[in-house]
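Worksheet: one structure, shown below.
What follows draws every value from the coordinates through simple rules; no lab data is involved. Everything numeric in this text was worked out from a predicted model, so none of it was measured. Cβ sites come from the backbone with ideal geometry, for glycine too, and all protein chains shown count toward neighbours.
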Amino acid sequence: MSVAWSDLGAEGQRHAEAHFIAASLAAGLRERERSSEPRPSFADLYAWATDPAHRLAPAQQAMVASDPDLRRGLALLVGRVGQLRAVAAAAASSGGLDRREGPGFTVRLTASRADAAQTYVSIDIDPESWRADSPPAALLVLRSGLPVAKLALPDEPGFALQLIEPTDSDIVRGLRDAGTDLVLV
Amino acid sequence: MGGGALLDGAPSAELAALLEGIADISVDGAPKFTPAVRQALLGLVVGRAYAPPLLELCHLLRVAALAPRRRFESFFWGVSLARAGAYAGWIRSRRPAPGAAVPVESDGGGVTIVYPDGRFAISYGRMPLLVALMEFLVSALGYPAVLERAEALLAGPPRAAAAGETANELSRAVYAWLTPHLPTVHEKRRLDVLVGWLTARHAPQGRSFTTDDIDDESVLAFWLAAEEPEFRTYASALRGFLLLIEAMEHAAASVAVARAAALGTDAEAGEVEPAAPGAMADAAGRHRVIGADEVADGIDPLAALAEPPADAVKLLNARERAELEMLLEAGPRGVRLMLSLLRRAVFGAVQARISEALRRGGRAAAERVLASMAPGDAAPAGYTPWQARSDELAAHLERAMLASLHLLARAGRIEAVHLLVALEGGLDLTPLKEAGVLADPARLGAVLADPTLGGPQAAALMLRARRAFQGLSRAGFEPDAASRPNLVAGHAAAAPALPVLAARLARARAALARRGPAAWDAQLEADRRVFAARFAQIYAITPEETLP
């Protein structure tokens with residue numbers, strides 16, 4: 001097909017111009033090397049907030065910490081997907097908290113008598129307060145809106161849960177920390 | 001978000017990173033968005049053609065809000081891979097109760113939202129792109145801004161017009177966000193330079209230039225005379241002309257014809273691939289299949305092979321793919337631009353090395369590269385190796401089609417007929433029709449292999465196909481591949497694309513064969529001098545010292 005420039009007329013030439021510009025920009029974008037570290041996508045944040053197994057890479061956590069837009073987005077998202085929330089508690093004794101409580105649920109931490117390196121995490125949820133179709137999947141721990149740790153809950157129906165976690169793990173330390181928020185999703 | 005640094009009026013690094021980030025989203029190692037969806041998103045963004053899909057997206061929000069507590073995020077981010085079938089499944093599992101505020105009707109093809117003031121339909125096949133567009137929105141505008149508009153829309157009375165108002169708001173916001181990231185002045189200037197040069201070249205003949213006037217000679221003449229920095233490299237000049245041809249043909253087609261049929265690339269959603277050959281009866285009533293040389297030039301077979309499920313089969317390795325991309329880039333214009341493509345492959349690489357050497361401050365190194373262009377020197381590689389290589393690629397494609405035919409026939413897939421006809425052009429399909437396997441292909445393999453049923457020609461072909469399958473050691477051609485549904489689906493999806501690819505390669509080979517090896521060598525020697533002199537001029541290095 002041979003096309004003459006003059007035969008296109010003004011409308012066709014405008015069309016050709018728009019196509020050329022778009023195709024040229026697209027080619028430029030494809031050839032362009034990535035000049036910076038990739039930001040976490042919203043899909044990453046959503047996965048962190050809803051998928052018990054998903055972890056943010058350390059570099060992504062650092063970017064969330066340093067980017068106010070990402071922090072605000074994550075905070076909004078956690079607020080929307082979260083079912084029950086316990087906000088940061090008042091300062092406790094120097095040893096940290098062994099009980100966290102929010103409307104509709106309680107978290108208790110008990111050192112294992114058999115092994116001090118292990119801590120029982122007991123979660124009691126009021127079924128009347130739980131409005132989702134599926135049972136709780138994870139307990140998120142955040143500090144000032146930033147992800148601290150996440151505890152995947154057993155994949156079985158139930159509102160009285162008990163798990164055992166290393167005492168020095170991020171999740172146990174995060175739960176004991178009075179400055180963290182807890183969100184059940 | 002910080003402002004993106006703009007380089008030479010090109011798209012910003014931030015926009016490039018944002019689109020890369022969307023392309024990188026993966027689920028269990030598989031990209032969330034297929035290459036076709038990523039390409040379509042790129043087209044929407046750079047072509048500023050996002051207004052219509054934003055309207056669809058705003059209507060889709062009503063569907064997504066069927067999620068518990070109206071958490072529409074579950075639709076956009078809770079479905080793992082962005083595929084039409086996955087969204088159809090999500091919607092089926094959340095059908096609204098009768099009497100819902102906004103009824104959503106769904107069928108095999110998509111959903112219709114029934115408003116008091118109108119109806120709006122969205123196909124499942126469209127949804128992956130709309131989800132990618134949502135990903136773009138939250139990445140560019142931020143989740144809070146998108147959430148605010150979405151919640152306002154969903155909280156208001158359900159009206160079709162309200163979706164339009166929200167879409168307009170989003171469209172304005174995207175326009176404003178893109179403006180500093182997507183400057184068009186630079187690209188417009190590039191177009192003006194090309195059009196101005198071609199117009200001046202043909203003015204003495206008293207006529208306008210045509211796409212046919214863009215040939216090997218004009219590309220080289222333009223580059224030799226170009227003073228604009230954006231056309232400093234031969235590759236950039238050739239790319240500009242290829243884009244101009246594409247733009248002119250696209251404009252002519254758009255102005256002339258509004259296509260009646262709905263075409264698409266999502267076979268899962270029942271859309272029709274424009275280039276998929278289809279069975280038909282000829283004037284004599286014999287059943288045949290439209291050959292690859294008869295189909296439209298509108299599809300990209302290499303892209304089709306990279307799409308799931310075809311990408312599960314390693315029909316091409318990285319090198320084969322890159323070489324085919326190079327040979328086929330000019331598409332149907334390849335015949336008159338083949339020399340330009342070879343010049344870019346050979347001398348474009350030399351120019352890149354000179355440029356890189358100078359960037360590193362190595363003037364002597366740049367001169368050494370230039371010296372390597374002297375006649376008789378081993379470098380650069382010549383044009384003739386491409387002839388041999390294109391023969392090898394053609395042989396590989398034929399082997400791959402044969403092996404794929406063997407697998408599809410064994411698996412009882414009708415897609416085998418695409419390959420059957422491509423490999424044996426004059427094959428009469430009447431015996432297959434009479435055996436009933438065109439309607440019910442389960443016995444296709446058995447019928448084809450039996451000369452008394454499928455005919456001796458087909459049986460001989462199937463013997464070659466079996467040998468090719470046994471001799472091909474690549475992912476997707478394992479001995480048990482015919483019993484693995486994902487691989488069978490991959491071969492079936494690739495079957496329409498392979499003959500198109502082979503036909504295009506044949507066209508490129510014909511262009512290469514128009515000159516004998518001696519003529520190509522003579523052309524190379526002439527080009528060495530021309531390119532060396534131009535490189536010396538552009539980079540201010542002396543050709544007299546390096547060329548006799």
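Odds and ends about this structure:
- Binning the alpha carbon pair distances of segment A:84-184 at 10 angstrom intervals from zero yields the distribution 16, 51, 30, 4, expressed in whole percent.
- Principal axis box of segment A:5-81, alpha-carbon based, largest edge first, Å: 61, 29, 24
- Long-range tail of P(r) for segment B:300-456 (Cα pairs > 20 Å, %): 65 percent
- Sequence-distant lysines (8 or more away, or on other chains) whose Cα lies within less than 27 Å of B:K314: B:K32
- Using all pairs of distinct alpha-carbon atoms, the Kirkwood hydrodynamic radius of segment B:174-240 works out to 13.4 angstrom.
- Counted by Cβ distance under 15 Å from B:L66, the other residues give a net charge of +4, where Lys and Arg count +1 and Asp and Glu count -1.
- For B:M127, B:M248, the sequence from fewest to most other C-beta atoms within 10 Å is B:M248, B:M127.
- Pairwise centroid distance, computed over Cα atoms, of segment B:309-330 with segment B:163-198, Å: 32 Å
- A Cα-only calculation for chain B places Rg and Dmax at 27.1, 88 Å.
- What separates the Cα centres of segment B:108-142 and segment B:204-235 is a distance of 43 Å.
- Simple label model, 7 Å out from Cα along Cβ direction - B:S483 to A:A132, nm: 4.1 nm
- By the Kirkwood approach, averaging reciprocal distances over each pair of separate Cα atoms, segment B:17-102 gets a hydrodynamic radius of 14.4 Å.
- By the Cα gyration tensor, chain A has an equivalent ellipsoid whose semi-axes, rounded to whole angstrom, run 51, 18, 14 from largest to smallest.
- Proximal aspartates and glutamates relative to B:K433, as straight alpha-carbon distance under 14 Å, when same-chain residues fewer than 8 apart are discounted: B:D282
- Positive contributions from Lys and Arg (+1) and negative ones from Asp and Glu (-1), summed over other residues with Cβ under 12 Å from the Cβ of B:A482, come out at +2.
- Between A:L146 and B:Y175, the C-beta separation translates, for a Förster distance of 41 Å, into a calculated FRET efficiency of about 0.80.
- Across the protein assembly as shown, Cα-Cα pairs more than 51 Å apart make up 26 percent of the total.
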